[in-house]
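Worksheet for the structure shown next.
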């Protein structure tokens, strides 16, 4: 089978994504991924030389699908509060479908932060227009003064933590009930957006 066989490569990425979600990076094994994809381990290594390379490919595949939507949202002409609502909704939805992303980012930050920076630069993520809109709203007296970077960090933190902290939160707050936790995440799309908006809205 040739390296250009995109069907096989896509199957490998889907299988790897499934195993990484279940086991995490450290717990996943290449043999498990090969079995999940229905191929032998030698063919898996032909496409991806190591688990590290495969994990990077899975992340990029998810990230590249995710970033265009975020860029469209950040660079749109929508009102700021509506933009925050859409951003939070999309972000939580993507993380729900790709819950390994926070784990990958934490892993890369501690092991290979330069590679993570390179991936982000490659996909062209740039919040400048959003920052300019925030400053314009402040100058117009429509929202409370806040550093746009601080606002973005607040948005990201409120979206990401329920996924990064899922192993603890699900046990402590939801008695390990996966369905209740999934329902909580779905409701959080609205709750997190309103929390952010209320924090900057003029009273």
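The values are calculated or read from the model by the stated rules, or taken from the named source; none is laboratory data. Computed from a predicted model, the values in this text were never measured in an experiment. Here Cβ is always computed from backbone atoms with ideal geometry, including for glycine, and neighbour counts include all displayed protein chains.
If you scan region 159-180, which residues turn out to be closer than 17 Å to residue 91 by Cβ and either crowded, with 16+ Cβ neighbours inside 10 Å or in contact with a helix residue (DSSP H, G or I) (Cβ under 8 Å, 6 or more places away or on another chain) (or both)?
Residues of region 159-180 closer than 17 Å to residue 91 by Cβ: 159-166.
159, 160, 162, 163, 164, 166 - these are the residues of region 159-180 that are closer than 17 Å to residue 91 by Cβ and either crowded, with 16+ Cβ neighbours inside 10 Å or in contact with a helix residue (DSSP H, G or I) (Cβ under 8 Å, 6 or more places away or on another chain) (or both).
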| query | Within region 14-31, how many residues are touching a helix residue (DSSP H, G or I) at 6+ places or on another chain (Cβ under 8 Å), in a helix (DSSP H, G or I) and either touching a residue at least 60 places away in the same chain (Cβ under 8 Å) or under 23 Å from residue 96 (Cβ atoms) (or both)? | reply | 11
| For the subset of region 36-77 comprising residues that are buried (at least 16 other Cβ atoms within 10 Å of the Cβ) and assigned to a loop (DSSP other than H, G, I, E, B), which member is nearest to the chain's Cα centre (by Cα)? | 48
| request: Name every residue in region 120-130 that is at pLDDT below 70 and in a helix (DSSP H, G or I), in order of residue number. | output: 120, 121, 122, 123
